[in-house]
1. Per-residue ellipticity at 222 nm for the chain, helices alone: DSSP H runs ≥ 4 residues times -39500 (n - 2.57), over residue total, nearest 500 deg cm²/dmol?
2. For region 16-31, take each phi angle, set θ = phi - 60°, evaluate the Karplus expression 6.51 cos²θ - 1.76 cosθ + 1.60, and give the result in whole Hz per residue in order, putting x for glycine and proline.
3. Name the GluC sites (Glu not before Pro) in region 11-111 that are in a loop by DSSP and that have at most 15 other C-beta atoms within 10 Å, would you?
4. Can you give the angle from 0 to 90° between the axis of helix 62-74 and the longest principal axis of the chain, with both taken from C-alpha atoms, to the nearest 10?
5. Compute the FRET efficiency between Trp33 and Glu80 as 1/(1 + (r/R0)^6), taking r as their Cβ-Cβ distance and R0 = 41 Å, and round to the nearest 0.05.
6. For region 91-108, take each phi angle, set θ = phi - 60°, evaluate the Karplus expression 6.51 cos²θ - 1.76 cosθ + 1.60, and give the result in whole Hz per residue in order, putting x for glycine and proline.
7. Pairs to check: Lys18/Lys46; Lys35/Lys75; Lys18/Lys75; Lys17/Lys46; Lys18/Lys66; Lys48/Lys75. Give those whose C-alpha atoms are more than 19 Å from each other in this structure.
8. Report the residues of region 36-63 in range of a label on Met15: point 7 Å along Cα→C-beta, backbone N strictly under 14 Å from it.
Amino acid sequence: MKPKKDLFPPATPEMSKKRAELAPEITTAFRNWNKEVFKSGALDQKTKEIIAVAVAHVTQCPYCIKAHTRTAKLKGATNEELMEAIWVAAEMRAGGAYAHAALALDQMGALEDADQ
C-alpha cells in the first residue's frame, strides 16, 4: 500500500515556477496585481494582511491562511488581532448561511402555495 499523501501538497518554489512556465503572462499580471493590492494606501499593509487572513478563512484556502498569517505577523499583527479577524470571518460565513435561508423559505412557500 502506498503511503497517504497530504491533502494539500506543500507550496514550493518549483510549484510557483511550473505555474509561471504554464502561463507566464498571466502569472506576471497576477503577481503585479498582488503587489499593487497589498501596497499601503487608505489601508496600511498590516490591516490589509489581517483582512486577507479573515478572507482566507472564508474561502478556506490553506495556502492563503499560512502565507497571509505569516505576512500579517511580519507586518506587526498580534495574535489577538488575527484571532478576532478570524472570528469576524466565521460570523460572516455563518451569517451568509443564515441569510440565505430566505431562499429556502421562499421556495418552501412557493411549494406550499402550489399544493393548495
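1. -26000 deg cm²/dmol
2. These are the phi-based 3J(HN,Hα) values: 4, 4, 5, 4, 5, 5, 6, 8, x, 5, 5, 4, 4, 4, 5, 5 Hz.
3. Values: sites: Glu14, Glu21, Glu25, Glu36, Glu49, Glu80, Glu81, Glu84, Glu91; in loops: none.
Sites meeting the loop and neighbour criteria: none at all.
4. Approximately 60 degrees, to the nearest 10.
5. 0.85
6. 5, 5, 5, 5, x, x, 5, 4, 5, 6, 4, 4, 5, 5, 4, 4, 5, 4
7. Values: Lys18/Lys46 30 Å; Lys35/Lys75 15 Å; Lys18/Lys75 29 Å; Lys17/Lys46 28 Å; Lys18/Lys66 21 Å; Lys48/Lys75 10 Å.
Beyond 19 Å: Lys18/Lys46; Lys18/Lys75; Lys17/Lys46; Lys18/Lys66.
8. Answer for this model: 61-63.
We did not get these values from a lab; they are worked out from the coordinates using the rules stated. None of the values given here were measured: they were computed from a predicted structure. Cβ coordinates were reconstructed from backbone atoms using ideal geometry, including for glycine residues, and neighbour counts include every protein chain displayed.
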